[in-house]
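Below is one structure; the comments refer to it alone.
The values are calculated or read from the model by the stated rules, or taken from the named source; none is laboratory data. From a predicted model like this one, the values you see are computed outputs, not experimental measurements. Cβ: placed from backbone, ideal geometry, glycine included. Neighbour counts: every protein chain shown. Heads up: the accessible areas ignore ligands, DNA and RNA and are worked out on the full protein's heavy atoms, side chains in. Shrake-Rupley method; radii C 1.70, N 1.55, O 1.52, S 1.80 Å.
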Amino acid sequence: MPPLLFSKQVRVKPAFFVIPFMCRGQAMSISTVMPTYARTNLVFESGDGSWLTTQDGRQFLDFGSGIAVTALGHTHPRLLEALTIQAKKLWHCSNLYRIQGQEQLADRLVSATFAETVFFCNSGAEAVECSIKMARRFHQGSGKSARSQIITATGAFHGRTLATISAGGNKNHLDGFGPAVEGFRHVAFGDLGEARAAVSDQTAAVLVEPVQGESGIQPADYDYLRGLRDMTNEHGLLLIFDEVQCGMGRTGKLFAHEWAGVEPDIMSAAKALGGGFPIGACLATGKAATNMVAGTHGSTFGGNPLGCAVANVVLDVILEEGFLDRVNEIGEKLMAASVDLVARHPSVFETVRGKGLMIGLKCKIPNTDVIECLMGNGMLTVVGGDNVVRLLPALTIGEKEINAALKILEQSAAQLEM
Ligand code: PLP
């Protein structure tokens with residue numbers, strides 16, 4: 001492989017403060033930022049649309065969007081305006097009181113989806129946590145206290161709280177954090193027969209991502225999602241979709257399950273909902289939320305005025321006429337070009353999959369090498385399971401940036417072939 005522009009720099013150790021300490025008589029050290037991430041040594045100072053600029057002036061084409069968060073790109077003028085107007089009025093208000101922006105956002109999410117009610121929180125994991133609690137309480141509040149188990153899928157990712165790592169079932173995420181939260185039964189993703197066989201008189205719900213993100217962009221078969229809907233209906237179970245990553249326009253529909261023509265009872269959303277401002281939401285039918293009465297769940301910051309002001313505008317933009325059509329158009333172009341790329345570089349790539357602007361390039365060489373090479377050539381992507389490189393550009397990305405990305409992908413693939 002030829003030397004890459006930035007590859008040396010990105011591998012060096014982070015430069016933040018390191019604090020020495022003693023543990024069991026041994027001298028050790030720890031960075032002041034708890035080292036739970038293997039961070040790349042890049043410090044971004046500003047962003048504009050699909051571009052990020054580092055402190056030392058290097059520009060990167062952002063095809064990661066903070067892992068599917070900045071759906072409208074960086075510093076979108078309408079989000080800036082909404083945030084600054086709200087910041088001059090009121091930052092925080094407890095959920096002990098009515099919050100106008102929150103009511104407005106709930107009304108609009110309800111009118112755009114299957115849902116009849118929304119709980120607001122701050123992150124994806126909290127949104128899933130609310131889904132899990134709601135499913136359990138639905139049954140327990142109706143006198144079916146044995147029904148507490150949730151069927152989840154292999155390869156799933158639902159967050160990093162204790163309940164959501166237990167729901168995900170990834171051994172690496174659970175390692176050292178036991179005991180896991182009880183009440184999750186893992187079955188093969190996409191296998192309806194296994195899901196049916198797992199149903200018992202203890203089952204409360206089924207929880208799946210319509211497109212698995214962390215495990216390497218794995219879209220669920222539409223028939224599988226429809227089959228889960230039929231199965232949950234037959235057994236009086238709740239169907240929960242986790243759309244934290246694939247929702248909010250990412251696949252070309254407001255929510256990915258719309259492609260399959262099925263509706264869940266409960267759904268988690270976050271990430272792109274705030275366009276970069278932390279906000280999460282758990283949407284539900286009135287029936288599923290029937291036992292979520294005052295005092296059953298809460299959040300200090302959830303649905304705060306700043307987050308809701310921004311999320312209302314994110315929703316405005318995504319629901320504007322033609323916005324999702326454009327996501328589909330650009331997504332098809334990127335997918336077609338990716339198919340060609342894979343065909344031209346069979347020693348680097350194996351296949352490509354995804355929907356809309358949620359695309360996964362499965363690699364033949366380590367995906368981290370591909371990501372590093374792309375980074376060296378000025379393009380940021382995201383690692384995924386199954387040796388995949390995730391392409392998650394802003395939904396507002398322009399033709400110019402798509403063409404620039406295709407050039408970098410081609411150039412990097414050629415370098416990696418050598
Ligand atoms: N659910 C899915 C499908 C996700 O992709 C993620 C994060 O990547 C989460 C839940 C957790 O979201 P957060 O990191 O905001 O807690």
Exercise. Mind checking which residues of region 44-87 are free of Cβ contacts under 8 Å to residues at least 40 places away in the same chain and small (Gly, Ala, Ser)?
Worked result: SER46, GLY47, GLY57
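Evaluate the following for CYS246: is it assigned to a loop (DSSP other than H, G, I, E, B), within 14 Å of the ligand (Cβ to nearest atom) and surrounded by 21 or more Cβ atoms within 10 Å (Cβ to Cβ)?
Numbers: assigned to a loop (DSSP other than H, G, I, E, B): yes; within 14 Å of the ligand (Cβ to nearest atom): yes; surrounded by 21 or more Cβ atoms within 10 Å (Cβ to Cβ): yes.
Spelling it out, CYS246 is indeed assigned to a loop (DSSP other than H, G, I, E, B), within 14 Å of the ligand (Cβ to nearest atom) and surrounded by 21 or more Cβ atoms within 10 Å (Cβ to Cβ).
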Exercise. Just for helices (runs of 4 or more DSSP H) wholly inside region 158-236: which have at least 1 residues that are within 13 Å of the ligand (Cβ to nearest atom) and in contact (Cβ under 8 Å) with a residue 24 or more places away in the chain?
Worked result: 162-168
Problem set entry | Residue count, region 334-374 (criterion: out of contact with any Phe, Trp or Tyr (no Cβ under 8 Å at 6 or more places or on another chain), part of a strand (DSSP E or B) and more than 26 Å from GLY398 (Cβ to Cβ)) | 2
Exercise. Out of all the residues in region 257-271, which are open to solvent by less than 10 Å² (accessible area, probe 1.4 Å) and within 23 Å of GLY307 (Cα to Cα)?
Worked result: ILE266, MET267, SER268, ALA269, ALA270
For this session: Looking only at region 200-221, decide whether some residue is more than 21 Å from LYS287 (Cβ to Cβ), open to solvent by 10 Å² or more (accessible area, probe 1.4 Å) and more than 23 Å from the chain's Cα centre (by Cα).
Result: yes
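For region 1-58, list the strands (runs of 3 or more DSSP E) that sit wholly inside it and hold at least 1 residues that are modelled with pLDDT under 95, farther than 29 Å from THR396 by Cα and in the same structural domain as PRO393 (by TED's automatic domain parsing); which are they?
Counting at least 1 such residues, we get 18-23, 26-31.
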For this session: Inspect region 116-138 for any residue being among the acidic types (Asp, Glu), more than 15 Å from the ligand (Cβ to nearest atom), touching a residue at least 60 places away in the same chain (Cβ under 8 Å) and open to solvent by 20 Å² or more (accessible area, probe 1.4 Å) and give the result as yes or no.
Result: yes
